[in-house]
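Q: Would you mind keeping the following structure in view while I ask a few things?
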Amino acid sequence: MVYIYYKLKFKSDLSQRGSFEPSGIMVQSSVLLRMRTNPNHFREKWLLRMLGYIWKYFYSSCLRFWLKWLLRLVTGRCELQRICARCKAGALRTSQIEYSLKSSKSKVLRAAMSLKENDLEDHLAQIIQEKRIKEQKDPTFKVNLRQCLLQINGYNKLFEAVEELRKEVFDPENEKHETMLLKLWDLLMPSVKLESRITKQWGNIGFQGDDPKTDFRGMGMLGLTNLLFFSEKYTNAARQVLSHANHPRLGYSYAIVGINLTEMAYSLMKNDALKLHFYNTVPGKPQMQHFHQFYCYLAYEFDKFWVEEEPESIMEFNRYREKFHDKVKGQLQAPEVTLLMTVDQEK
């Protein structure tokens with residue numbers, strides 16, 4: 001049965017990719033070979049996985065409740081108080097508070113995961129009442145919990161704003177959109193005048209065609225806003241990256257890669273991979289500028305990564321893009337992660 005499952009999965013993977021990849025065939029073949037020669041290995045993996053599921057269910061549904069009850073009895077503090085007292089401000093504290101709220105059987109605590117900012121103070125009072133917390137004995141608790149709730153709910157609100165900007169289509173009839181696009185050119189190419197709105201000159205800053213509007217279809221105005229933010233806040237750094245992108249051998253399409261990196265930042269945020277980074281770098285509610293700052297980090301670091309790796313041609317972009325993505329994703333899993341640009345902000 002296991003053999004049949006992997007064989008069908010292999011065929012499904014090929015149909016999804018739409019082409020044969022020799023490396024993929026070799027990996028699948030080696031998997032099938034190990035399955036035939038060492039079936040005990042897969043039985044052990046399956047058994048360990050099942051034991052993990054059973055333990056997780058037992059802990060979350062039963063054991064965790066009694067452990068919390070016992071610790072409350074011994075320390076005189078609820079779990080939220082113990083986390084705030086034990087963990088310093090940042091990702092370590094906020095992520096544990098988030099898990100505690102999400103895992104709670106109390107509707108009041110779970111509701112704290114989706115608050116409007118105007119309701120924050122009232123809900124804090126409800127939590128204190130629900131958990132029978134005496135503020136006089138723990139005067140810092142309310143302040144610490146407020147900060148955590150601002151970060152947790154702020155992350156969700158920020159993603160909504162990012163999603164809304166991504167869905168906004170670039171409109172050449174919109175004066176604001178056009179002004180942003182022309183300003184991008186002026187910042188990156190200050191000594192070169194744009195001959196007309198539709199021109200091959202756009203290729204000099206990495207757009208594919210004569211009219212950049214077609215390149216914004218995937219990421220909408222989010223892509224243009226990120227490109228412009230980088231050019232405004234870090235003008236010299238952006239021009240340096242553009243000069244590397246125009247290198248005769250190691251060059252790449254600056255604007256197209258920038259939009260691609262916007263997609264990377266968007267996907268990481270959608271999958272909650274940016275939570276630890278924001279919890280460490282933003283003490284309160286994260287704003288759109290913090291998302292743009294993270295994009296600037298990606299744009300600047302990818303350029304350095306590309307130059308250091310020295311790919312043979314732009315045809316290898318996808319492979320190096322995934323390599324860079326895996327590197328960043330690994331960094332984002334560290335509890336103390338703070339991915340910020342190391343150049344001085346100019347404005």
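The values are calculated or read from the model by the stated rules, or taken from the named source; none is laboratory data. Not measured: the values here are computed from a predicted model. Glycine also receives a Cβ, built like all others from the backbone with ideal geometry; neighbour counts cover every protein chain displayed. The area values use the complete protein model at the heavy-atom level, side chains included, leaving out ligands, DNA and RNA. Shrake-Rupley method; radii C 1.70, N 1.55, O 1.52, S 1.80 Å.
For (1) among the hydrophobic types (A, V, I, L, M, F, W, C); (2) loosely packed, with under 14 Cβ neighbours inside 10 Å; (3) at pLDDT 95 or above; (4) closer than 22 Å to Ser243 by Cβ, each residue gets a yes or a no:
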position	(1), (2), (3), (4)
Ala273	yes, no, yes, no
Gln287	no, no, yes, no
Ser313	no, yes, no, yes
Val328	yes, no, yes, no
Leu339	yes, no, yes, no
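Q: Considering Ala85, Ala91, which residue is open to solvent by 60 Å² or more (accessible area, probe 1.4 Å), at pLDDT 80 or above and either closer than 22 Å to Ala111 by Cβ or hydrophobic (A, V, I, L, M, F, W, C) (or both)? Give the derivation first.
A: Values: Ala91 fails: open to solvent by 60 Å² or more (accessible area, probe 1.4 Å).
Going through Ala85, Ala91 in turn, just one is open to solvent by 60 Å² or more (accessible area, probe 1.4 Å), at pLDDT 80 or above and either closer than 22 Å to Ala111 by Cβ or hydrophobic (A, V, I, L, M, F, W, C) (or both): Ala85.
Q: Could I ask something else about it? List every residue pair whose Cβ atoms sit under 6 Å apart, with the two residues 6 or more apart in sequence or on different chains, where the first one lies in the stretch 78-96 and is of a type in the set (Gly, Ala, Ser) and the second, anywhere, is not in a loop (DSSP other than H, G, I, E, B).
A: These pairs meet every condition: Gly90/Tyr279; Gly90/Asn280; Ala91/Leu276; Ala91/Tyr279; Ala91/Asn280.
Q: Name the residues in the stretch 117-168 that are within 20 Å of the chain's Cα centre (by Cα) and loosely packed, with under 12 Cβ neighbours inside 10 Å, would you?
A: Glu160, Lys167
Q: Given the criterion more than 24 Å from Lys233 (Cα to Cα) and assigned to a helix (DSSP H, G or I), identify the matching residue among Thr179, Thr214.
A: Values: Thr179 fails: more than 24 Å from Lys233 (Cα to Cα).
The unique qualifying residue is Thr214.
Q: Is it the case, given these coordinates, that Leu268 is outside any helix (DSSP H, G or I), modelled with pLDDT of 95 or more, buried (at least 17 other Cβ atoms within 10 Å of the Cβ) and touching a Leu at 6+ places or on another chain (Cβ under 9 Å)? Full working, then the answer.
A: On the way: outside any helix (DSSP H, G or I): no; modelled with pLDDT of 95 or more: yes; buried (at least 17 other Cβ atoms within 10 Å of the Cβ): yes; touching a Leu at 6+ places or on another chain (Cβ under 9 Å): yes.
So Leu268 does not fit the description; no.
Q: Any idea which of Glu312, Glu322 is farther than 19 Å from Tyr266 by Cβ and of a type in the set (D, E, K, R)?
A: Numbers: Glu322 fails: farther than 19 Å from Tyr266 by Cβ.
Answer to the selection: Glu312.
Q: When you scan the stretch 132-143, do you find a residue that is assigned to a loop (DSSP other than H, G, I, E, B), on the phi > 0 side of the Ramachandran plot, out of contact with any helix residue (DSSP H, G or I) (no Cβ under 7 Å at 6 or more places or on another chain) and at pLDDT below 95, even just one?
A: Just the residues of the stretch 132-143 that are assigned to a loop (DSSP other than H, G, I, E, B), to begin with: 132-140.
Keeping just the survivors that are on the phi > 0 side of the Ramachandran plot gives 132.
Imposing the further condition that a residue be out of contact with any helix residue (DSSP H, G or I) (no Cβ under 7 Å at 6 or more places or on another chain) reduces the set to 132.
If we keep only those that are at pLDDT below 95 too, we end up with 132.
Yes, because at least one residue in the stretch 132-143 is assigned to a loop (DSSP other than H, G, I, E, B), on the phi > 0 side of the Ramachandran plot, out of contact with any helix residue (DSSP H, G or I) (no Cβ under 7 Å at 6 or more places or on another chain) and at pLDDT below 95.
Q: Something else about it: Cβ-Cβ distance below 7 Å, separation of 6 or more or different chains: which pairs start in the stretch 221-236 with a residue that is open to solvent by 20 Å² or more (accessible area, probe 1.4 Å) and end on one that is outside any helix (DSSP H, G or I)?
A: Cβ pairs passing all conditions: Glu232/Lys347; Lys233/Gln345; Lys233/Glu346; Lys233/Lys347; Asn236/Glu346.
Q: Ok, one more. Considering only the stretch 300-309, I want to know if a residue exists there that is under 26 Å from Ala161 (Cβ atoms) and surrounded by 22 or more Cβ atoms within 10 Å (Cβ to Cβ). Break it down into steps so the answer makes sense when it comes.
A: Going residue by residue through the stretch 300-309, those that are under 26 Å from Ala161 (Cβ atoms) are 300-302.
Narrowing further to those that are surrounded by 22 or more Cβ atoms within 10 Å (Cβ to Cβ): 302.
Checked the stretch 300-309: at least one residue is under 26 Å from Ala161 (Cβ atoms) and surrounded by 22 or more Cβ atoms within 10 Å (Cβ to Cβ).
Q: Then there's this: Scan Tyr295, Tyr320, Tyr279, Tyr300 and give me the residue that is of a type outside the set (S, T, N, Q), closer than 21 Å to Leu150 by Cα and assigned to a helix (DSSP H, G or I).
A: On the way: Tyr295 fails: closer than 21 Å to Leu150 by Cα; Tyr320 fails: closer than 21 Å to Leu150 by Cα; Tyr300 fails: closer than 21 Å to Leu150 by Cα.
Going through Tyr295, Tyr320, Tyr279, Tyr300 in turn, just one is of a type outside the set (S, T, N, Q), closer than 21 Å to Leu150 by Cα and assigned to a helix (DSSP H, G or I): Tyr279.
Q: Could you check Met341 against (1) in a helix (DSSP H, G or I); (2) in contact (Cβ under 8 Å) with a residue 60 or more places away in the chain; (3) of a type in the set (A, V, I, L, M, F, W, C) and say which number it fails?
A: The single condition Met341 does not satisfy is (1).
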